[in-house]
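One structure is given below, encoded as structure tokens.
The values are calculated or read from the model by the stated rules, or taken from the named source; none is laboratory data. Keep in mind that this is a model prediction, so the values were computed, not measured. Cβ atoms come from the backbone with ideal geometry, glycine included; neighbour counts cover every protein chain shown.
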Amino acid sequence: MEIIVNDYTKTIKGATVLDHVNLKLHSGVCYGFKGKNGSGKTMLMRAISGLINPSSGYVKIGDKQLGKDLSFPESIGILLENPAFLDNYTGYANLKLLADIQGKIKEKEIKEALSAVGLDPEDKRKYKKYSLGMKQKLGIAAAVMEKPEIVILDEPINAIDEEGVVLVKKIIFEAKNRGAIVIVACHDKEELMELADEIVEISAGKIVEKKEAV
């Protein structure tokens, strides 16, 4: 599969947040989005996810154009900014609610996703009792549990302990190796270089460089 971002521009209240962005993304590759806060990284992730519509240009997922042929990518898992779940449900119950929307996976896969990020599937604590790191892990589990063709993770290792970081890296490598397009944004340059095959540097809403990670 291929994602094509073609001359994509987004203007919000007179400010250009994405400026004539052109990008091609391919299956089985992890792309690291690099840039300062406000550079446009998250906006580009939103554009690829179908969460914003362009002022001009377009995004194609395979041969289908977002906003024209489909509203959102058909197979995508996203962690953008702070994950949000129902406070009075357990981690498992929250994921089951999400899984039931499409009915692609069952209890086994949900529990596997929780274990993969280092959460106990049998933990009876409500989400409101979770630490920041646990909330982040649940967000990652939600993004990958259905094994989507596109995985977008914005600052996935934020607030996660050392052991959890190892697990998250493993999840990213597994998603890439099964043929997903993986997009990761991370403030830690060394971590980003380790995770990504290619680095896409973004500044002031423009792609200023695209290179292989070394």
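Computed quantities for the displayed model
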read-out: Options T90, T42; residue that is of a type in the set (V, I, T) and at pLDDT 95 or above; value: T90
read-out: Inter-residue pairs, beta-carbon under 6 Å, first in contact (Cβ under 8 Å) with a residue 60 or more places away in the chain and closer than 19 Å to I171 by Cβ and in the range 59-87, second among the small types (G, A, S) and outside any loop (DSSP other than H, G, I, E, B), 6+ apart; value: G77/A143; I78/S49; I78/A143; L79/G139; L79/A143
read-out: Out of G57, G67, G62, sole residue that is at pLDDT 95 or above and under 24 Å from A185 (Cβ atoms); value: G57
read-out: Residue in the range 1-24 that is nearest to K210 (Cα to Cα), counting only those that are buried (at least 21 other Cβ atoms within 10 Å of the Cβ) and in contact with a Phe, Trp or Tyr (Cβ under 6 Å, 6 or more places away or on another chain); value: V21
